[in-house]
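A short worksheet on the structure shown next.
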Amino acid sequence: MQGFKLKERKILRKILSIDNFKQENKNPKKESCSLNQATAKSRCFYHQTKKIFVGSWNIGGITPPKNLDMEDWLDTKNSSADIYVLGFQEIVPLNATNVLGPPNRKVPSKWNSLIGAALNNRTPTKVVQEDKIVEPQKIYPLREHICTEGEHGREYFQCIISRQMVGMFITIWVRCDLYQAIRHLSVSSVGCGILGCLGNKGSISIRFYLHETSFCFICSHLASGGKEVDRRQRNINATDILSRTIFPSGPLNDMPQKIIDHDRVVWLGDLNYRIYMQDSATQSLIKTREWETLLKHDQLKMELMEGHVFQGWHEGAIEFPPTYKYQPNSKDYQACDQQHASKKRRSPAWCDRIIWFGKGMKQIQYNRSESRLSDHRPVRAMFTADIKVSENCI
């Protein structure tokens, strides 16, 4: 009897140990989730504010001279930014050779050389470009510079990406200490020109993350012309750009694919919207510098107010003269200069614009520079942007 009880106790202990094992491992998935939640909770977030310079310039097909003063546009001595986003239109003439043929890489290289020299306070040098694969298109950034003493002296800014489509060109430069915080660079280009698809008109859009905040910059050149049918075509171009621009969603399908899905969005370029008034009235108001009255008839301002194409987009106050169309190397508008009157006269307009979408950005500057290189004056804007940064909690 005693032997039986001893055996019974052993069996009972075995049963109890099995039950305990089952109880401890009853829901391994739930335990795994708790572990993941704990890991997620170990990440903390804080916010930073960064300054972003955005500029746009229609060059009119003119190759930049070696001694071109970029400071007039970039204004680095008065206000330095953390990121510089510079968009160009017509960096090459929009003829059949350039529209249908291979891109001219020499001209963008000259612009990047001038920009790099201005931002890093050095003499322009020959730029060497190299291919780099990113999500999944090929892009053409400058060779990476070490953020210390380099071959040209101290490098404060470096180019993270530059891309060309016919006459459009966008290049982005960041402060060297931010370079490692840039992730998920991607490019999406849309042609809206001849036959509705060629690149003489359209856009180049660049997306990236700075820490945990997504940015999208659209450099575009929309349909030209001062007639009502031209305004409608510009709206069609803008609609196409918004619908046809698509970015990779990433390996986890958690990244924004459409333009307006990004956290911070800026659209820059020769948007080509005109002042819907008689030429004589426009010229008279320009002479008396009545910008507020003129802007009541500005096509883009009307689009922004009515919310047809650019619903939810914003533009800062315009307190500078129209940026187009000037006589070559002159301070006089073509339409206002009777001595140089021609069949190609264009009524002055604010063709060159910078607008933005979304929260978390504040525009602190919006004006133009006075370079006479082309028949357009370059525009520039400075933004402060809220940036989300993650770190491991202690």
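The values are calculated or read from the model by the stated rules, or taken from the named source; none is laboratory data. Just so it is clear, the model here is predicted, and its values are computed rather than measured. When we count neighbours, we look across all protein chains shown, and the Cβ atoms used for this are built from the backbone with ideal geometry, even at glycine. Note: accessible area is taken over every heavy atom of the protein model, side chains too, but ligands, DNA and RNA are not part of it. Shrake-Rupley method; radii C 1.70, N 1.55, O 1.52, S 1.80 Å.
Could you work out the local net charge near Trp350, counting Lys and Arg as +1, Asp and Glu as -1, over the other residues with Cβ closer than 11 Å to its Cβ?
Surrounding charge for Trp350 is +1.
Rounded to the nearest 10 Å², what accessible area does Tyr324 have for a 1.4 Å probe in the complete protein model?
Roll a 1.4 Å probe over it and Tyr324 shows about 20 Å².
Listed highest first by mean packing, meaning other Cβ atoms within 10 Å per residue, what order do 306-312, 159-165 come in?
159-165, 306-312
I'd like the accessible area for Thr49, computed on protein heavy atoms only with a 1.4 Å probe and all protein chains in place. Round to 10 Å², please.
Probe radius 1.4 Å; accessible area of Thr49 about 100 Å².
Taking the Cα centre of each part, how many Å lie between region 343-394 and region 268-322?
Rounded to whole Å, the Cα centres lie 15 Å apart.
In whole Hz and in residue order, list the ³J(HN,Hα) couplings for region 373-381 that follow from phi through the Karplus curve 6.51 cos²θ - 1.76 cosθ + 1.60, θ = phi - 60°; x for Gly and Pro.
After applying 6.51 cos²θ - 1.76 cosθ + 1.60, I find 4, 10, 7, 10, 9, x, 10, 8, 9 Hz.
Take Ser280, Ser224 and sort them by solvent-accessible surface of the protein heavy atoms, 1.4 Å probe, largest at the top.
Ser280, Ser224
Where the accessible area of region 267-317 is counted over protein heavy atoms with a 1.4 Å probe, how much of it, in %, is carbon and sulfur?
The computed percentage sits at 49.
Students sometimes get this wrong: rank His221, His314, His184 by accessible area, probe 1.4 Å, all chains present, largest first.
His314, His184, His221
How charged is the neighbourhood of Ile236? Take every other residue with its Cβ under 12 Å from the Cβ of Ile236, and add Lys/Arg as +1 and Asp/Glu as -1.
Its environment carries a net charge of +3.
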